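What follows is one structure encoded as structure tokens, with my remarks underneath.
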Amino acid sequence: MADMVELARTPAEMEVPATLGALGDIAAFVVRLAARAGLDKGAAYRIRLAVDELATNIVMHGYRGGDGRITVRGRSGAGRVQVVIEDAAPPFDPVQGRLPPDPGVPPERRRIGGLGIHLALTSVDEFAYVHRDGRNISTLTVKAEGTDRCPPRP
């Protein structure tokens, strides 16, 4: 409960058109939240990567290039960022759309799609999805002390 009190200190919100051109604005919003929370480069990169992947999927696959809006709300607190992404595209649960890589299948024979979502969901410390009142609502959280799932460089 104390973590949520910390997060509640600096709420922010933006709404953008569901276009590829708006993805830069969303990324800048997330980077600002990460800076406010004092996240290190790795944690900041993980939340930005995850939000960018989900927002891109909303634009490309949710609205399929048609008119739509994406609402992004964020909260930052001591060493923690939470981002909520909402859209009114057809229902889509990213957890169900996740496609973990199959190391036994050569890349040229793998099914297309879902790998970006897998990368996004494994980049965050917490993820939740709900479809409510005609809206997809994804909540992503990254903590400074979270585990970086990318192996260190040799």
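The values are calculated or read from the model by the stated rules, or taken from the named source; none is laboratory data. Model, not experiment: these values are computed from the prediction. When we count neighbours, we look across all protein chains shown, and the Cβ atoms used for this are built from the backbone with ideal geometry, even at glycine. Accessible surface areas use protein heavy atoms only, side chains included; no ligands, DNA or RNA. Shrake-Rupley method; radii C 1.70, N 1.55, O 1.52, S 1.80 Å.
In the stretch 78-99, the residue that is modelled with the lowest pLDDT out of those that are in a strand (DSSP E or B) and either touching an Asp or Glu at 6+ places or on another chain (Cβ under 8 Å) or of a type outside the set (D, E, K, R) (or both) is 80. Tell me, yes or no, whether the stretch 45-58 has at least one residue that is open to solvent by 20 Å² or more (accessible area, probe 1.4 Å), out of contact with any Phe, Trp or Tyr (no Cβ under 7 Å at 6 or more places or on another chain), farther than 17 Å from residue 16 by Cα and of a type in the set (Phe, Trp, Tyr). Taking every residue of the stretch 45-58 in turn, at least one turns out to be open to solvent by 20 Å² or more (accessible area, probe 1.4 Å), out of contact with any Phe, Trp or Tyr (no Cβ under 7 Å at 6 or more places or on another chain), farther than 17 Å from residue 16 by Cα and of a type in the set (Phe, Trp, Tyr). Within the stretch 101-154, restricting attention to residues that are touching a helix residue (DSSP H, G or I) at 6+ places or on another chain (Cβ under 6 Å) and open to solvent by 70 Å² or more (accessible area, probe 1.4 Å), the residue that is modelled with the highest pLDDT is 149. When the stretch 54-77 is filtered for residues that are modelled with pLDDT under 95 and under 16 Å from residue 126 (Cβ atoms), the ones remaining, listed by number, are 75, 76, 77.
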